[in-house]
Amino acid sequence: MTHHILVVEDEVVTRTMVSGYFENQGYSVSQAADGKEMHQIINQQHVDLVLLDVNLPGEDGLSLTRELRGKSDVGIILVTARTDSIDRIVGLEMGADDYVTKPFELRELQVRVKNLLWRISRAQKAPNQVASSGREDDNIVSFNGWTFDINRRALSKGHETVKLTKAEYEMLVAFTANPNRVMSRERILNLISHRVDAPNDRTVDVLVRRLRNKIEVEPKKPQLFVTVHGEGYMFAGK
């Protein structure tokens, strides 16, 4: 199946270059210059992944990320021209799956797109794999009153259901697979996205904070996602 990518970029040259590159790689590609055009395309067609520029006219990419994540599980890769990490951190907090900074190599962008689409595909296929194997119970994790159905990407506590982004889901899978074990940020990054970022990358910190806010009784006094200073994080769920 050909994946459909939506490139949202107000700069014509960049938008055309990126779109042409991915079309040559065999993807179906649509283009939008702003949020209004983006919404029109998404409402009319199925989109697998959005390459979303942060600095758009009108509604910016960060606000659009929040809107998209509120109603869709579509893959989102933010594109920013700023070297300041604030856009990346805020974008991840709003639900983006990944980010890339301008100027970027098209090959690097392709790798990020390919990895994210693979992760999306893996999550979608999981329920069918469980049905064929008949081993659903092996993929249900319980901790501190929570039930995490890994294959269905469902997290619940009683009648309360929590929606997880793809990045949050992958991080929770990594933590629950390694309970009471200290994991470095680099190790966690490799488990959730198969990529290595610069040492000052705060992706893991942002995602841990998001999980704490959704799962912990007192997010500012975490009991499940414990910080081990100088080493990383440990999942202390029972």
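See the values below:
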| read-out | value |
| --- | --- |
| Qualifying helices (runs of 4 or more DSSP H) (wholly inside the stretch 145-231; at least 1 residues being open to solvent by 20 Å² or more (accessible area, probe 1.4 Å) and at pLDDT below 85) | 185-193 |
| Any chance Ser132 is among the polar types (S, T, N, Q), in the same structural domain as Ile77 (by the TED database) and either out of contact with any helix residue (DSSP H, G or I) (no Cβ under 7 Å at 6 or more places or on another chain) or modelled with pLDDT under 90 (or both) | no |
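A quick yes/no check of all residues on (1) at pLDDT 90 or above; (2) in contact with a helix residue (DSSP H, G or I) (Cβ under 7 Å, 6 or more places away or on another chain); (3) surrounded by 14 or more Cβ atoms within 10 Å (Cβ to Cβ):
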position	(1), (2), (3)
Glu59	yes, yes, yes
Lys71	no, no, no
Ile86	no, no, no
Thr101	no, no, yes
Glu108	no, no, no
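The values are calculated or read from the model by the stated rules, or taken from the named source; none is laboratory data. As the structure is a prediction and not an experimental result, all values here were calculated from the model. Methodologically, a virtual Cβ is constructed for each residue, glycine included, from the backbone with ideal geometry; neighbour enumeration extends over all protein chains shown. Just so you know, the surface numbers come from the protein's heavy atoms only, side chains and all, with ligands and any DNA or RNA stripped out. Shrake-Rupley method; radii C 1.70, N 1.55, O 1.52, S 1.80 Å.
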